[in-house]
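Undergrad: The structure is given below, and queries will be raised subsequently.
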Amino acid sequence: MSDLKLLNHLESYLTEHRKQRFQKVLAQRTKHFTVATEDVYQLHNTSAVIRSCDVFGIQEVNVIEEVNSKRIDREIAMGAQKWVDLNRYHSTKSCIEDLKSKGYQIVATSPHAEDCDLIDFDISQKACFFFGRETEGLSQHVLDEADCFLKIPMVGFTESLNISVSAAIILQHVTSKLRKSEIDWKLTEKEWIEKRFDWIKKTIKNYDSIVERYHSQH
């Protein structure tokens, strides 16, 4: 209860438009699906994937930097890195272990003998969509650990898409189906409150001093 009182106090520093915007966006956020990028070379590709996650309501992005470690391109991400949670890993193995411990199935976005067309993908189970390096694709470790292989049907001469484009197509499709389903895909009440605190902290100036002053008066 005290947390909610503090939250209401902090929200008094926001404009009414900003408060309503937070509520509207949070109502569409999900952790039912997440995304992982594995050692992507081009900085703008990872940044663009983060931007797509924000656009389609994906709250968490997993960035594996086993070989390539680069900062997120702020210009490409268009500020999306403020609103999306980044989980960074130094190895593919640790990322997959963490995701599986959270109940996610590992979905490799890679052509495979047993692959599934995007339109046929089963959205009922929590899933993490893995995207690999621009030329090599996903590592053998991801392919070995994958629970499912997913492909976007293509009918042209070109047989591949940029990973950020692939991510956008897949996320638009699965989140659209998810919101029309009866699956409980929204954030929990606890997650909702945590995000409100987090986004307020990233929005208002002197956040720490405001919180300190509040506690000294209550």
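The values are calculated or read from the model by the stated rules, or taken from the named source; none is laboratory data. What you see is a predicted model; the values in this text were computed from it and never measured. Backbone-built Cβ (ideal geometry, glycine too); neighbour counts: all protein chains shown. For accessibility, only protein heavy atoms count, side chains too; no ligands or nucleic acids. Shrake-Rupley method; radii C 1.70, N 1.55, O 1.52, S 1.80 Å.
Undergrad: Consider only pairs whose beta carbons are under 6 Å apart and that are at least six residues apart or on different chains; among these, list those whose first residue lies in region 187-212 and is without any contact (Cβ under 8 Å) to a residue 40 or more places away in the chain and whose second residue is among the hydroxyl-bearing types (S, T, Y).
TA: From region 187-212, the pairs are K201/Y207.
Undergrad: Which members of region 163-188 meet the condition of being part of a helix (DSSP H, G or I), open to solvent by 20 Å² or more (accessible area, probe 1.4 Å) and at pLDDT 95 or above?
TA: A168, I169, Q172, H173, S176, K177, R179, K180
Undergrad: Right, another one. For region 124-137, give me each residue that is open to solvent by 20 Å² or more (accessible area, probe 1.4 Å) and either in contact with a strand residue (DSSP E or B) (Cβ under 8 Å, 6 or more places away or on another chain) or not in a loop (DSSP other than H, G, I, E, B) (or both).
TA: Q125, K126, R133, G137
Undergrad: Still on this structure, please answer the following. Return the only residue of V25, V49, V55 being modelled with pLDDT under 95 and either hydroxyl-bearing (S, T, Y) or in contact with a helix residue (DSSP H, G or I) (Cβ under 9 Å, 6 or more places away or on another chain) (or both).
TA: Result of the check over V25, V49, V55: V49.
Undergrad: Here's another thing I want to ask about it. For region 1-61, which helices (runs of 4 or more DSSP H) that fit wholly inside it have 3 or more residues that are over 30 Å from S101 (Cβ atoms)?
TA: Counting at least 3 such residues, we get 2-11, 16-26.
Undergrad: Okay, next question. Test R74 against the stated conditions and say whether it is at pLDDT below 80, farther than 14 Å from A168 by Cα and over 9 Å from the mean Cα position of the chain (by Cα).
TA: Considered against the rule, which asks whether it is at pLDDT below 80, farther than 14 Å from A168 by Cα and over 9 Å from the mean Cα position of the chain (by Cα), R74 comes out as yes.
Undergrad: Moving to a separate point now. Can you name the number of the only condition in (1) of a type in the set (S, T, Y); (2) under 21 Å from T30 (Cβ atoms); (3) modelled with pLDDT under 90; (4) surrounded by fewer than 16 Cβ atoms within 10 Å (Cβ to Cβ) that S160 fails?
TA: Of everything listed in (1) of a type in the set (S, T, Y); (2) under 21 Å from T30 (Cβ atoms); (3) modelled with pLDDT under 90; (4) surrounded by fewer than 16 Cβ atoms within 10 Å (Cβ to Cβ), S160 misses just condition (2).
Undergrad: I'm trying to understand the selection: among the residues of region 12-45, which are of a type in the set (D, E) and open to solvent by less than 20 Å² (accessible area, probe 1.4 Å)?
TA: E38, D39
Undergrad: Turning to a different aspect of this structure: Which of (1) at pLDDT 90 or above; (2) farther than 26 Å from E191 by Cβ; (3) not charged (D, E, K, R) does W83 not meet, given it meets every other one?
TA: Among (1) at pLDDT 90 or above; (2) farther than 26 Å from E191 by Cβ; (3) not charged (D, E, K, R), the lone unmet condition for W83 is (2).
Undergrad: Still on this model: Determine which single condition I106 fails, assuming it passes every other condition in (1) part of a strand (DSSP E or B); (2) touching a Ser or Thr at 6+ places or on another chain (Cβ under 9 Å).
TA: Failing condition for I106: (2).
Undergrad: Residue check: is F197 open to solvent by 20 Å² or more (accessible area, probe 1.4 Å), of a type in the set (F, W, Y) and at pLDDT 95 or above?
TA: Yes, satisfied.
Undergrad: Give the residues of region 79-111 that are farther than 20 Å from T30 by Cβ and aliphatic (A, V, I, L, M), sorted by residue number.
TA: Matches in region 79-111: I96, A108.
Undergrad: While we're on this one: Any residue in region 105-121 that is of a type in the set (A, V, I, L, M, F, W, C), touching a residue at least 60 places away in the same chain (Cβ under 8 Å) and under 22 Å from F56 (Cα atoms)?
TA: no
Undergrad: Return the pairs, sorted by first residue and then second, in which the second residue is open to solvent by 30 Å² or more (accessible area, probe 1.4 Å) and in a loop (DSSP other than H, G, I, E, B), the first residue lies in region 124-147 and is at negative phi and at pLDDT 90 or above, the beta carbons are less than 6 Å apart, and the residues are 6+ apart or on different chains.
TA: Taking only residues 6 or more apart or on different chains, the pairs are K126/G103; F129/T109; F131/T109.
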